[in-house]
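Where a number appears in this text, it was derived from the coordinates with a stated rule and is not lab data. Model, not experiment: these values are computed from the prediction. Neighbour counts are summed over all protein chains in view; Cβ atoms, including those assigned to glycine, are modelled from backbone coordinates with ideal geometry.
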Amino acid sequence: MDLTRDEEARLIACLMETGQLLLECGAEISRVEDTLTRIGTAYGGVMNVFVIPSLITITMNYPDRESITETRRIRSYGTTDFYRLEKLNALSRECCAKPIPIAEFRERLYKIAAGKKPLPAVLVGSILGAGGFAVFFGGNLWDGLVSAVFGAIICLLQGRIGRTELNTAAANMLVSLMIGLGVGLVSKLIPVLHMDKILIGDIMLLIPGLTMTNAIRNILVGNTISGVVRLAETIIWAAALAGGFMMALAIVNLIP
Amino acid sequence: MLDAIYQLIAAFVAAFGFAMYFGARKRFFFVCALGGLLSWGVYLLTDYLFHSLFLSNFSGSAFAVLYAEVLARHMKCTATMIVVPSVIPLIPGGMLYYTLDAAVHGDLAATRQIGGDTLISALAISAGISVVMALRELHMKRQA
């Protein structure tokens with residue numbers, strides 16, 4: 001595909017957008033680099049792509065012209081989002097098979113970026129996930145039910161807090177403080193409940209266990225910088241979670 | 001035994017929930033839930049046979065990837081979409097909680113002990129996934 005200079009500039013902007021969206025959907029680093037390289041190659045550039053969680057840099061070299069380099073700072077950190085990830089994968093496959101016009105590429109990216117996971121499914125998912133894990137980790141059915149209710153609350157809280165663009169550590173601390181207070185009070189009132197099991201079910205939704213596993217995987221496959229950065233981040237997030245719960249438990253224990 | 005059955009059912013429900021939570025499409029819900037149940041089954045079996053935290057997590061996650069690779073071919077999607085919810089029951093959320101709980105109460109010995117177990121589990125899960133994926137890549141390269 002022959003591109004004008006202007007189109008080349010717009011193509012690299014599209015690649016940046018694709019990379020950022022992939023990161024926001026929780027795609028692995030190696031996958032992001034791979035996808036961007038493939039698309040760029042399909043459009044005729046010789047690609048140099050480097051991605052870490054907070055930065056994307058791309059240089060496109062062309063045999064007969066000057067190269068283009070762009071970088072983008074990534075500030076947002078998304079959660080796993082298969083809904084958009086699947087659409088991005090389909091788009092990138094299409095671009096690799098037969099490069100589509102840049103204007104169309106950009107159009108479709110904007111459409112994907114504006115899309116959202118359907119809230120009802122996410123809500124039901126949180127309920128089943130939190131309830132299921134409370135039982136899984138040894139709680140009884142009542143623990144599961146209470147955990148499920150708080151799972152729904154977490155889901156709604158996350159939507160609210162996500163809009164304020166608070167950083168992840170602070171958001172985690174806030175949510176865990178509120179959930180800790182709620183669960184603590186309920187299990188104070190109803191002594192048959194096991195507070196730890198309910199809390200574990202609920203924090204499976206918050207805990208960066210998956211991110212931690214992915215971070216170690218990054219290190220194992222050779223993306224050491226990304227892996228170490230993510231690992232450090234997950235430890236900080238987990239500490240923030242603990243801080244929130246600690247405050248909540250201290251407050252609950254004050255109640256006679 | 002009864003405990004194990006409860007756990008397997010709970011793993012099914014939880015993996016189903018997480019497939020929804022992650023925004024997977026409807027046709028993946030059941031597949032992911034079954035993946036969660038089976039991965040936990042492999043974990044329990046390995047744990048019963050070898051009593052090893054590392055081995056049971058490793059084989060559980062390795063199984064999840066194999067399962068996902070086979071089904072992804074049938075359902076025409078990337079394996080990641082099936083691996084991630086299937087592996088969720090292995091994620092040491094409970095251990096992480098008890099680590100933090102011990103840390104908050106200032107019990108250094110318990111923090112170190114449970115925290116170490118948590119890290120070993122995470123390492124074993126990642127290793128299980130990475131090894132199977134690396135083998136698959138090797139296999140694809142030889143075919144090409």
Exercise. So how long is each side of the stretch A:136-179 along the principal axes, counting just the alpha-carbon atoms, biggest first, in Å?
Worked result: 36, 16, 15
Exercise. Can you list the aspartates and glutamates whose alpha carbon sits under 17 Å from that of B:K26, skipping same-chain ones fewer than 8 residues off?
Worked result: A:D81, A:E86
Exercise. Across the Cα atoms of the stretch A:5-114, what radius of gyration and what greatest pairwise Cα-Cα distance (Dmax) are found, in Å?
Worked result: 12.9, 41
Seminar exercise, completed: Of all C-alpha pairs within the stretch B:61-144, those more than 21 angstrom apart amount in percent to 43
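Roughly speaking, what is the stretch gain from A:T164 to A:Y62, that is 0.36 nm per residue apart minus the C-alpha to C-alpha distance, in nm to one decimal?
Working: separation 102, 0.36 × 102 = 36.72 nm, distance 4.19 nm.
This chain segment gains 32.5 nm when fully extended.
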Problem set entry | When each of A:K87/A:K197; A:K98/B:K141; A:K111/B:K141; A:K111/B:K76; A:K117/A:K197 is checked by Cα-Cα distance, pairs over 30 Å | A:K87/A:K197; A:K111/B:K141
Problem set entry | For chain A, calculated [θ]222 nm from helices alone, where every DSSP H run of n ≥ 4 adds -39500 (n - 2.57) | -24000 deg cm²/dmol
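By counting other Cβ atoms within 10 Å of each Cβ, how are A:L210, B:L119 ranked from fewest to most?
So the ranking, lowest neighbour count to highest, is B:L119, A:L210.
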Problem set entry | Ranked A:T213, A:T57, criterion: other C-beta atoms within 10 Å, fewest first | A:T57, A:T213
Exercise. A:L55's amide H: which non-local residues (gap 5+, or another chain) put their own amide H closer than 5 Å, with H modeled 1.01 Å from N in plane and none for Pro or chain starts?
Worked result: A:I74
Seminar exercise, completed: Mean projected area (nm²) from the convex hull of Cα positions in the stretch A:38-96 is 4.6
Problem set entry | Value of [θ]222 nm, deg cm²/dmol, for chain B, DSSP H segments ≥ 4, -39500 (n - 2.57) each, nearest 500 | -30000 deg cm²/dmol
For this session: Would you please report the Å³ per residue occupied by the convex hull of the alpha carbon atoms in chain A?
Result: 125
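One quarter of the convex hull surface, Cα atoms only: what value does that give for the stretch A:119-254 in nm²? Each step should come with its number before you reach the end.
On the way: hull surface 35.1 nm².
Computed as one quarter of the Cα hull surface, the answer is 8.8 nm².
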Exercise. In whole Å, what is the distance between the alpha-carbon centres of the stretch B:119-144 and the stretch A:1-20?
Worked result: 33
Problem set entry | Cα Rg over Rh - the stretch A:130-210, Kirkwood | 0.98
Exercise. Between B:A24 and residues 5 or more places away or on another chain, which pairs have amide H atoms under 5 Å apart, with H built 1.01 Å from N, and which residues are they?
Worked result: A:F82
For this session: May I ask for the Rg/Rh ratio of the stretch B:21-120, computed from Cα atoms with Rh as the Kirkwood radius, given to two decimals?
Result: 1.08
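Just checking the output field for B:119-131: average partner chain Cβ neighbours within 10 Å of each residue's Cβ? Provide the component values of the computation, followed by the final result.
Values: counts 3, 0, 3, 10, 6, 2, 7, 11, 3, 2, 6, 6, 1.
That average works out to 5.
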Problem set entry | Using θ = phi - 60° and Karplus 6.51 cos²θ - 1.76 cosθ + 1.60, couplings along the stretch A:104-114 (whole Hz; Gly, Pro as x) | 5, 3, 5, 4, 5, 4, 4, 4, 5, 4, 7
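Using a 10 Å cut-off on Cβ to Cβ distances, tally the other chain neighbours for every residue of A:242-249 and report the average as a whole number. It would help to have the intermediate numbers written out before the result.
Working: counts 7, 2, 0, 4, 5, 1, 0, 3.
Counting Cβ atoms of other protein chains within 10 Å of each residue's Cβ and averaging gives 3.
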Exercise. What are the ³J(HN,Hα) values, in whole Hz, obtained from phi via the Karplus relation 6.51 cos²θ - 1.76 cosθ + 1.60 with θ = phi - 60°, for each residue of the stretch B:115-121 in sequence order, with x given for Gly and Pro?
Worked result: x, x, 4, 4, 5, 4, 4
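If I take R0 = 60 Å and measure r between the Cβ atoms of B:S52 and A:T4 in this structure, what FRET efficiency does the formula 1/(1 + (r/R0)^6) give, to the nearest 0.05? Please list the in-between numbers first.
Numbers: r = 61 Å, r/R0 = 1.01.
The pair B:S52/A:T4 has a calculated efficiency of 0.50.
Would you mind putting A:199-207, A:141-149 in packing order, based on average other-beta-carbon counts within 10 Å, highest first?
Numbers: A:199-207: 27.7, A:141-149: 21.1.
Put in order of decreasing packing, that is A:199-207, A:141-149.
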Problem set entry | Under 12 Å, Cβ to Cβ, from A:I216 - net charge with Lys/Arg +1 and Asp/Glu -1 | +1
Exercise. If we count other beta carbons within 10 Å of each Cβ, what is the order of A:M16, A:M212, A:M247, fewest first?
Worked result: A:M247, A:M16, A:M212
Seminar exercise, completed: Here the longest stretch of chain B that holds no trypsin sites (Lys or Arg not before Pro) in a DSSP loop having at most 15 other beta carbon atoms within 10 Å is B:77-144
